[in-house]
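Everything below concerns the one structure shown next.
The values are calculated or read from the model by the stated rules, or taken from the named source; none is laboratory data. Quantities reported herein were computed from a predicted structural model and do not represent experimental measurements. Quick reminder, even Gly has a Cβ in these numbers, built from the backbone with ideal geometry, and neighbours come from all protein chains shown.
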Amino acid sequence: MRRDGYAIGYIDVVDRPRASGVSNYGLWDRLWVGILDLTGVWWLIRRKKRVPEVSED
């Protein structure tokens, strides 16, 4: 969004400790998901059509 000139807003969230139970996500589970997400972002950046620059001489 920033690349296309849009502003980014940030909102504070309430972060509280876990009341009970354990996390369903481990380091290795999230690592592979993160790598796949980064691959998707790389692909999206690569496929953006470049608009040729026009100059009037």
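Worth a mention:
- Among the candidates TRP28, TRP32, TRP43, residue that is at pLDDT below 90 and either in a helix (DSSP H, G or I) or on the phi > 0 side of the Ramachandran plot (or both): TRP28
- For ARG3, the conditions (1) surrounded by 10 or more Cβ atoms within 10 Å (Cβ to Cβ); (2) under 14 Å from the mean Cα position of the chain (by Cα) all hold with the exception of (1).
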